[in-house]
Amino acid sequence: MPELRVSVDVEAPVPMVWRALVDWERQGEWMPLTDVRVVGGDPHGVGGRIEARTGVPTGDGRHAGLLDTLEITGWDPPRRVDVLHTGRVVRGPGVFEVVPRNAGATVVWTEHLDLPLGRLGRLAWPLVRPFAAYALHFGLSRFRDFARRYPS
């Protein structure tokens, strides 16, 4: 299962970074072309279910495109949240970690991807990986500013 890991340093207190990270419905403010909504369970505990849609804006604050369904499978505030992607295209476990660093934190985003399309997906991964890594890194770079402005 291929792994994708990106991280960013955030100059904000760990509790504030954690709250910003798990404010699921505001994730679209830092993850480009994405809107997120809670669809079931406790969004701040094991069993919570979330949908993220990435693609073309539809004009109503939503996006038409790739649907990523997730379930929270681990919850250890303010350090770690584990998710399981259960969609048709994006599948596999993911982890968001907040690691204390000096007066701030490092956010580490790890995805273990169950690639679609079998052998074709495995063959295409080396070509797709740099774009996927860039998208996650770009989102986390925007998250750094989002977290610094997040209400304390």
Return the only residue of Ile50, Ile72 being surrounded by 19 or more Cβ atoms within 10 Å (Cβ to Cβ), out of contact with any helix residue (DSSP H, G or I) (no Cβ under 6 Å at 6 or more places or on another chain), touching a residue at least 24 places away in the same chain (Cβ under 8 Å) and outside any helix (DSSP H, G or I). Ile72
Considering only residues that are among the aliphatic types (A, V, I, L, M) and in a loop (DSSP other than H, G, I, E, B), look in the range 19-47 and name the one that is farthest from the chain's Cα centre (by Cα). Val46
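Among the listed residues Met16, Met1, identify the single one that is aliphatic (A, V, I, L, M) and either over 19 Å from Leu136 (Cα atoms) or part of a helix (DSSP H, G or I) (or both).
Met16 is the lone residue from the list that is aliphatic (A, V, I, L, M) and either over 19 Å from Leu136 (Cα atoms) or part of a helix (DSSP H, G or I) (or both).
Just for strands (runs of 3 or more DSSP E) wholly inside the range 76-119: which have at least 1 residues that are open to solvent by 60 Å² or more (accessible area, probe 1.4 Å) and in contact with a Pro (Cβ under 8 Å, 6 or more places away or on another chain)?
80-86, 91-101
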Between residues in the range 21-33 that are free of Cβ contacts under 8 Å to residues at least 40 places away in the same chain and residues that are of a type in the set (S, T, N, Q), which pairs lie under 8 Å by C-beta distance while being six or more apart or on different chains? Gln27/Thr34; Gly28/Thr34; Leu33/Thr54
Total residues in the range 53-69, condition modelled with pLDDT under 95, over 25 Å from Asp145 (Cβ atoms) and either touching a Ser or Thr at 6+ places or on another chain (Cβ under 7 Å) or outside any strand (DSSP E or B) (or both): 4
When Arg129 is evaluated against the numbered criteria (1) open to solvent by 80 Å² or more (accessible area, probe 1.4 Å); (2) modelled with pLDDT of 90 or more; (3) among the charged types (D, E, K, R); (4) under 16 Å from Arg5 (Cβ atoms), which criterion, by number, is the only one it fails? (2)
Identify all residues within the range 134-152 that are open to solvent by less than 40 Å² (accessible area, probe 1.4 Å), among the aliphatic types (A, V, I, L, M) and farther than 14 Å from Asp9 by Cβ; write none if there are none. Leu136
Looking at Arg80 and the list (1) at pLDDT 90 or above; (2) over 13 Å from the mean Cα position of the chain (by Cα); (3) among the basic types (Lys, Arg), which single condition is not satisfied? (2)
Scan Pro116, Pro93, Pro78 and give me the residue that is under 21 Å from Pro43 (Cβ atoms) and touching a Lys or Arg at 6+ places or on another chain (Cβ under 9 Å). Pro78
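The values are calculated or read from the model by the stated rules, or taken from the named source; none is laboratory data. Keep in mind it's a predicted model, so treat the numbers as computed, not measured. Using ideal geometry, Cβ is built from the backbone for each residue, glycine included, and neighbour counts are taken over all protein chains shown. Just the protein is used for accessible areas: all its heavy atoms, side chains included, with ligands, DNA and RNA removed. Shrake-Rupley method; radii C 1.70, N 1.55, O 1.52, S 1.80 Å.
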